[in-house]
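Before any comments, here is the structure.
The values are calculated or read from the model by the stated rules, or taken from the named source; none is laboratory data. As the structure is a prediction and not an experimental result, all values here were calculated from the model. Positions of Cβ are backbone-derived with ideal geometry, glycine not excepted, and every protein chain shown enters the neighbour counts. The protein model used for the area step is the full one, side chains on, heavy atoms only, and it has no ligands, DNA or RNA in it. Shrake-Rupley method; radii C 1.70, N 1.55, O 1.52, S 1.80 Å.
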Amino acid sequence: MARMSAFRRLVTKYRRHVDFLIIYIEEAHPSDGWVTTDTPYIIPQHRSLDDRVSAARVLQQGVPGCALVLDTMTNASSSAYGAYFERLYVVQSGVIMYQGGRGPDGYQVSELRAWLERYDQQLQGALARPV
């Protein structure tokens, strides 16, 4: 929950220069599967795309203004990017510029924040140059 709050703050701060996208993958801790005590949501394992859509809408409420797409039911994006449970990426012009560690332990919003701060400084420097 704290990580989602930190991510929400990044979205708010940097969305003028960065497009944020959440790819909602399979539920890591479904209420009818591997349950944890610290999850604020009760989301059962997705058995259909409609189930995944419903769960994604719950997630999107936590990060308003952030674009959200769904992984396929075969979890193609999760497999391609090694995203299970969660992972942060920066993709710029089709190139992965930042790849965070696998969550939950490797998911470090602070690393993404540092990358975004450097990027923002580069942009500010480029904007301040005389023409």
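Rounded to the nearest 500, what is the 222 nm mean residue ellipticity of the chain from helices alone, with -39500 (n - 2.57) per DSSP H run of 4+ residues and division by all residues? Rounded to the nearest 500, it is -13000 deg cm²/dmol. Our coupling estimate for the stretch 84-91, obtained by passing each phi through the Karplus curve with A = 6.51, B = -1.76, C = 1.60 and θ = phi - 60°, is 5, 7, 7, 7, 10, 9, 10, 10 Hz, Gly and Pro reported as x. Length gained on full extension, residue 42 to residue 12: 8.1 nm, using 0.36 nm per residue less the C-alpha separation.
Here the spin labels are modelled as points 7 Å beyond Cα on the Cα-Cβ line, and at residue 34 and residue 59 they lie 1.6 nm apart. Beta-bridge orientation, the chain: approximately 50 percent antiparallel, per DSSP, counting only bridges with both partners inside. Listed values for the stretch 18-24 are Karplus-derived 3J(HN,Hα) couplings in whole Hz (6.51 cos²θ - 1.76 cosθ + 1.60, θ = phi - 60°), namely 9, 8, 9, 9, 9, 9, 7, and x replaces Gly and Pro.
Compare 22, 42, 96 by solvent-accessible area with a 1.4 Å probe and give them largest first, with all protein chains kept in place.
On the way: 22 25, 42 145, 96 80 Å².
The ranking, largest first, comes out as 42, 96, 22.
Placing pseudo-labels 7 Å out from each Cα toward the beta carbon at residue 20 and residue 72 gives an inter-label distance of 2.8 nm. Across all Cα pairs in the chain, the calculated P(r) in 10 Å bins from zero up to the longest distance comes to 11, 40, 33, 11, 4, 1, 0 percent per bin. Annotation: amide H of residue 98 within the under-5 Å range of 90, sequence separation 5 or more or interchain, hydrogens built in the peptide plane. For residue 24, the residues whose modelled amide H falls within less than 5 Å of its own, excluding neighbours fewer than 5 places apart on the same chain, are 69, 70, 71.
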